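The values are calculated or read from the model by the stated rules, or taken from the named source; none is laboratory data. None of these values were measured; they are calculated from a predicted model. Virtual Cβ from ideal backbone geometry, glycine too; neighbours counted across all protein chains shown. Areas reflect the complete protein model, heavy atoms only, side chains present, ligands, DNA and RNA absent. Shrake-Rupley method; radii C 1.70, N 1.55, O 1.52, S 1.80 Å.
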Amino acid sequence: MTNIEQIEGLLFVAGDEGITVAEIEHATGFAKPAITTMLTQLATKYQADPDSALMILSTANTYRLATKAAVAPVLKRYFEAPLTTSLSQASLEVLAIIAYRQPLTRIEIDEIRGVHSGSTIQKLVLRQLVTETGRLSEPGRPILYGTTELFLDYFGLKSLDDLPAIDLAALSDAEHPAPETDLFLNAFQDKLQAEREDEQWQNDYKR
């Protein structure tokens, strides 16, 4: 693994919140002048490659990966998929986590899921199922996310109180505890299944 690969990986997992030179230095042990040089080399590489959709943005000493303006139309179509389109497994996982733990940051969601969730969160925001609810008062001021009124309407919930309770404290007592994300998703899907069965029963009764 090369030094630039390490920096590129950090830029990717940092997502839309970005990463500072100091944070890269802490993670890699590289000297700050070397980091700045490699960031410039990586940015030049992206700019010179016509087959790369990536670029690097720099604001207030924070660096983040972004996509070139040329690919905006196809990304817009992807993120603005109609709500009638079924939500992916990743979207359901993120929604369940946010519903139960809101408000929370993208990094907290990543830690629960064990994978990067930035693009999934962005799609949910554009579909108006998730929204920004504020920022933490800490370095970088990470965004806090929560669910929306449309989220409640979409899943047939009157309020978040309609979500089934989960005893997270019992996790420590289990011999083989399931990951938090599984608990959230299982409870969430149980609720959705109950709603579907109730709707089906009502339709059958009307016939």
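Would you mind stating whether Q41 is open to solvent by 60 Å² or more (accessible area, probe 1.4 Å), in contact (Cβ under 8 Å) with a residue 12 or more places away in the chain and more than 21 Å from S119 (Cβ to Cβ)? Here the answer is yes, as Q41 does meet what is asked. Go over the candidates L42, L65 one by one and state the one that is closer than 15 Å to L10 by Cα, part of a helix (DSSP H, G or I), at pLDDT 90 or above and among the hydrophobic types (A, V, I, L, M, F, W, C). The match here is L42. Of all residues in the stretch 79-95, one or more are closer than 30 Å to P139 by Cα and in contact with a strand residue (DSSP E or B) (Cβ under 8 Å, 6 or more places away or on another chain). Within the stretch 109-130, take every residue that is β-branched (V, I, T) and in contact with a strand residue (DSSP E or B) (Cβ under 8 Å, 6 or more places away or on another chain) and give me the one that is modelled with the highest pLDDT. Restricting to residues being β-branched (V, I, T) and in contact with a strand residue (DSSP E or B) (Cβ under 8 Å, 6 or more places away or on another chain), the top hit is V130.
Would you pick out the residues in the stretch 130-150 that are among the polar types (S, T, N, Q) and under 18 Å from V94 (Cβ atoms)? Please lay out each step first, then the result.
First pass over the stretch 130-150, keeping only residues among the polar types (S, T, N, Q): 131, 133, 137, 147-148.
Within the stretch 130-150, T131, T133, T147, T148 qualify.
Here G29 passes the criteria (1) open to solvent by less than 60 Å² (accessible area, probe 1.4 Å); (2) at positive phi except the one numbered (1). Scanning the stretch 151-160 turns up no residue that is under 25 Å from V74 (Cα atoms) and open to solvent by 30 Å² or more (accessible area, probe 1.4 Å). Answer yes if at least one residue in the stretch 45-59 is open to solvent by less than 70 Å² (accessible area, probe 1.4 Å), within 26 Å of K123 (Cβ to Cβ) and part of a helix (DSSP H, G or I), and no otherwise. Yes, the stretch 45-59 contains a residue that is open to solvent by less than 70 Å² (accessible area, probe 1.4 Å), within 26 Å of K123 (Cβ to Cβ) and part of a helix (DSSP H, G or I). A single entry from Q193, Q189 fulfils the requirement of being farther than 23 Å from I107 by Cβ, modelled with pLDDT under 85 and either surrounded by 12 or more Cβ atoms within 10 Å (Cβ to Cβ) or within 16 Å of the chain's Cα centre (by Cα) (or both): Q189. Count of the stretch 1-22 residues, restricted to those that are outside any helix (DSSP H, G or I), at pLDDT below 90 and surrounded by 14 or more Cβ atoms within 10 Å (Cβ to Cβ), is 1. The residue pairs whose first member lies in the stretch 47-66 and is free of Cβ contacts under 8 Å to residues at least 24 places away in the same chain and closer than 17 Å to I7 by Cα, whose second member is outside any strand (DSSP E or B) and open to solvent by 80 Å² or more (accessible area, probe 1.4 Å), and whose beta carbons are closer than 7 Å, counting only pairs six or more residues apart or on different chains, are M55/Q47. E132 passes every criterion in (1) part of a strand (DSSP E or B); (2) touching a Phe, Trp or Tyr at 6+ places or on another chain (Cβ under 8 Å); (3) among the charged types (D, E, K, R); (4) open to solvent by less than 60 Å² (accessible area, probe 1.4 Å) apart from (4). Scanning the stretch 68-82 for residues that are over 18 Å from the mean Cα position of the chain (by Cα) and either of a type in the set (D, E, K, R) or at pLDDT below 80 (or both) yields a total of 3.
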